[in-house]
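What follows is one structure encoded as structure tokens, with my remarks underneath.
The values are calculated or read from the model by the stated rules, or taken from the named source; none is laboratory data. None of the values given here were measured: they were computed from a predicted structure. Please note: Cβ atoms are built from the backbone with ideal geometry, for glycine as well, and neighbour counts cover all protein chains shown. In case anyone asks, the SASA skips ligands and DNA or RNA and just uses the protein heavy atoms, side chains included. Shrake-Rupley method; radii C 1.70, N 1.55, O 1.52, S 1.80 Å.
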Amino acid sequence: TDEIMQQEIRPLVAVDIIEQLHRQFAILSGGRGKDGAPIITFPEFAGFSDIPDEDFLNVVTYLTSIPSLEAASIGFIIIIDRRRDKWSAVKASLTRIAGAFPGNLQLVFVLRPSRFIQRAIADIGIKLYRDDFKMKVPIIMLNSVSDLHGYIDKSQLTRELGGTLEYGHSQWIHHRTAIENFAMTVKTTAQMLQTFGTDLAETELPNDVHCTEDLLSAHTDHHSKLKEELKLAVKQGATLLTCIREPVTRSANSKLSPDELENVATVERLLAQLDETEKAFDQFWTKHHLKLEQCLQLRHFEHEFREVKVALDNLMEQQAGFADIGDSVARVEHLLREQKQLEEKGQEPLEKAQSLALHGEQLIQNNHYAVDSIRPKCVELRRICDDFTNETKKKYDILGKSLELHKQLDKASQWCEAGIYLLASQAVDKCQSQEGAETALVEIEKFLVTAKEHQLSNPKEFYNQFDTILTSEIKANAQRILQKLEDVQEMFDKRQVSLKKLAAKQTRPVQPVAPHPESSPKRASPKITRPA
């Protein structure tokens, strides 16, 4: 039904009645009356009465649709040239025009038959049958074109009517079909742009990179083709405009007829319409293309976010697995090396995450439409990076304290072992003499000087310093070593007391006695050798 209605309301165009137009039984030469009324001429045509009613109506309807509404509202002037015909032809023409002319009539000029008898018959006939023609406008019978010139200026009449107006029927048909083709091109192009715009507006944005790239490529290709169509349409209009203006371009003395000027105005209007359509389309396309590009940026961002998030989650999971703080110096040093490896391993995903967050912030600054989706992801990326960095620092701090703790415990234990060895190495028999006891005391005092370097701090300070990492096992080990320190210290204290007692014992002194002379033998004393 819609197609039928569109066919009914669609105006006639030249190509629909091209054969009838070529028969040239009626023409719109472009001439105008003194008040601007369009002139339609019915030239001499032998088979005028044989023209089917439909063909006649179509041609006349088409010709009356060409002038502007302003010109058509003045009323049409009809010139019927029947100089070589009979009164019967004049009567038939007037009857057909009166019954089928679709426009507003102003005047009807009839160039009556030139032969004397037919002219006389025409004079009588027009008086007898004027009312039968049912025309409410004057019908002026003219004997010659000279009489016609008294009503219409020669510049508005073709050469066939003794005028100077240049008119070529084939060229006129060519111009009409070209103008109408161009109008159809403009309409079709506008419809294509509108359809494409509607499709774009209704397009749902894809959810992945590949589909978005395909959609962007397809829309861009379609846009390029439409732009090419626009370019061709503009070229077509410009060429047509040049053809219509060709007489003026060729000769400075030539002037375009009112109808030709209207043709120029029509083509210029169509070109302007095309330009406005293109500008509106370009504006819409710019927004749509930007949205597609931003959609592609978003899909890339989301894809990279998922990859980086998996890497970061894996990193955080590995870091969470490092709960061990070590039970010895060797173990803690091994854990520190593993933590360092994890930190180095995390540098690449952390840098990617920071770079991606920076990229997301740049998208936000560039007025991306998906700000509400991008910003939370940027915040999450930075939060995970900060969590990993802070947790890494915390791990290093804990392992550092653990290392210091175990080093202190090892030093204390080693000091105890060295003290026990020292005490065990002091022979009891050597310590019985004053000299031996003093020597042993010196050894002990020298060893005790190293106690501050190797012993643990007092228990209260020790527990305060390492409270955050003291597990039950480490606490038990520390208590054992502290107890051992007390025991070794007590051993040293007892040994020192014993040695001091031995060193303090005074041995009885032996008084040297000089020998009496009388008790000396009379013989010469032998030479006394000093003992070594």
Segment 12-84: C-alpha gyration tensor shape, a/c 1.5 cut-off, then a/b vs b/c:
oblate
quick note, the chain, DSSP beta bridge pairs, % antiparallel (nearest 5) is 10
Could you report segment 174-297's accessible area per residue, 1.4 Å probe, as an integer in Å²?
58
For Q362 and S146, extending 7 Å from Cα along the Cα-Cβ vector and measuring point to point gives, in nm, a value of 9.0
Whole-Hz ³J(HN,Hα) for each residue in segment 499-504, computed from phi via Karplus 6.51 cos²θ - 1.76 cosθ + 1.60 with θ = phi - 60°, x for glycine and proline: what do you get?
5, 5, 5, 5, 5, 7
So how much accessible area does I139 have, in Å² to the nearest 10, using a 1.4 Å probe?
10
Straight-line reach from K231: which aspartates and glutamates have a Cα under 17 Å away, not including same-chain ones fewer than 8 places off?
D221, E268, D275, E276, E278, D282
Taking only Cα atoms, what is the 0 to 90° angle, nearest 10, from helix 169-202's long axis to the longest principal axis of the chain?
30
Calc'd 3J(HN,Hα), segment 222-228, phi into Karplus 6.51 cos²θ - 1.76 cosθ + 1.60 (θ = phi - 60°), Hz, glycine/Pro = x, comes to 5, 4, 4, 5, 5, 5, 5
Angle check, please: helix 434-449 long axis (alpha carbons) against the longest principal axis of the chain (alpha carbons), in degrees 0 to 90, nearest 10.
10
So what's the projected area for segment 174-297, the Cα convex hull averaged over all directions, in nm²?
8.4
Which net charge results for the neighbourhood of A89, defined as the other residues with beta-carbon distances under 10 angstrom from its beta-carbon, given Lys and Arg at +1 and Asp and Glu at -1?
+2
With every protein chain kept in place and a 1.4 Å probe, the residues T61, T242 fall, from largest accessible area down, as T242, T61
If you bin the C-alpha pair distances of the chain every 10 Å from 0, what whole percents do you get?
3, 11, 12, 9, 8, 7, 6, 6, 5, 5, 5, 5, 4, 4, 3, 2, 2, 1, 1, 1, 0, 0, 0
Mind giving me the FRET efficiency for V310 and Q283? R0 is 51 Å, r the Cβ-Cβ distance, nearest 0.05 is fine.
0.75
Angle, helix 116-129 long axis vs. longest principal axis of the chain, Cα atoms, 0 to 90°, nearest 10?
70
Calculate one ³J(HN,Hα) per residue across segment 16-32 by plugging θ = phi - 60° into the Karplus curve 6.51 cos²θ - 1.76 cosθ + 1.60, and present them in order as whole Hz with x for glycine and proline.
5, 10, 4, 5, 5, 5, 5, 5, 6, 8, 8, 9, 10, 6, x, x, 9
Give me the number: length gained by fully extending K505 to Q24, i.e. 0.36 nm times residue separation minus the C-alpha to C-alpha distance, one decimal in nm.
157.1 nm
With +1 assigned to the C-beta of every Lys and Arg and -1 to the C-beta of every Asp and Glu, and no other charges, what is the dipole magnitude of the chain about the Cα centre in debye, to the nearest 20?
1800
For S251, what accessible surface area do you get with a 1.4 Å probe? Give it in Å², rounded to 10.
40
